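The values are calculated or read from the model by the stated rules, or taken from the named source; none is laboratory data. Here the structure is a predicted model, which means the values were calculated and not measured. Positions of Cβ are backbone-derived with ideal geometry, glycine not excepted, and every protein chain shown enters the neighbour counts. Note: areas computed on protein heavy atoms with side chains; ligands, DNA, RNA excluded. Shrake-Rupley method; radii C 1.70, N 1.55, O 1.52, S 1.80 Å.
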Amino acid sequence: MARKNQKAPWEPEEEIIWVSKTEMKEDMEALQKLGEELVELKPSVLEKFPLSEDLAEAIKDAQRFKNEAKRRQLQYIGKVMRNEDPEPIQAALDKVRNKHSQATAELHKLEQLRDRIVEDGDAAISEVVEAHPEADRQRLRQLARQANKEKKAGKPAKAYREIFQVLKELKQDEL
């Protein structure tokens, strides 16, 4: 009797990766969520993403649609994304999100510097002038004195906000 459907012992066995239907659905939903996040972005930001023409067109259409049509279009985007490599798109999306958090961190640093200028006065102003030679030392001193007066008198912090704007302009000029 001959052996049927048996492999020779010297042939390597193929490893079959079994994927459940649930896992496939979860992957598709993840792609659809990624597509939804892309739809929420502004067109100027989307231009920088590595998107195929079909996907870019589908996203542009989804941004125009409302209600049920938008829901169906989002499902279509999920379907189109199955043929795409989601990793570069996800990396670009993470970069956009991180840019926002970096900008927030920069603003927090400027706020801390403003607080130091108001509290420490000339020492903190000297640091700013060293870092930004174009900074107006006299204007910063005036604003710091004025901010202290406003704080003691319980008035609105107009000079306090103005110091922040001056620091923000210096930071933008640096870039």
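Things to note:
For (1) modelled with pLDDT of 85 or more; (2) within 30 Å of LEU41 (Cβ to Cβ); (3) basic (Lys, Arg), each residue gets a yes or a no:
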residue	(1), (2), (3)
ARG97	no, yes, yes
GLU111	yes, yes, no
ASP115	yes, no, no
ARG139	yes, no, yes
LEU175	no, yes, no
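- Residue match in the range 131-138 (condition: exposed (fewer than 12 other Cβ atoms within 10 Å of the Cβ) and not in a helix (DSSP H, G or I)): yes
- Under the condition of being over 19 Å from the mean Cα position of the chain (by Cα) and within 14 Å of LYS33 (Cα to Cα), the residues counted in the range 56-83 number 14.
- One residue stands out among those in the range 82-113 that are charged (D, E, K, R), farther than 19 Å from ARG161 by Cβ and not in a loop (DSSP other than H, G, I, E, B): the one that is most open to solvent (accessible area, probe 1.4 Å), which is LYS95.
- Any hit, the range 147-162, residues being under 19 Å from GLU106 (Cβ atoms) and surrounded by fewer than 16 Cβ atoms within 10 Å (Cβ to Cβ): yes
- Note on the range 1-39: residues that are open to solvent by less than 100 Å² (accessible area, probe 1.4 Å), in a loop (DSSP other than H, G, I, E, B) and modelled with pLDDT of 70 or more amount to 2.
- Some residue of the range 83-100 being without any contact (Cβ under 8 Å) to a residue 40 or more places away in the chain and farther than 30 Å from ASP54 by Cβ: no
- The range 58-71 residues that are more than 14 Å from LYS42 (Cα to Cα), paired with ones that are among the polar types (S, T, N, Q) (beta carbon under 6 Å, 6 or more apart): PHE65/GLN73
For (1) more than 31 Å from the chain's Cα centre (by Cα); (2) of a type in the set (D, E, K, R), each residue gets a yes or a no:
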site: LEU107; (1), (2): no, no
site: ARG114; (1), (2): no, yes
site: ALA124; (1), (2): yes, no
site: PRO133; (1), (2): yes, no
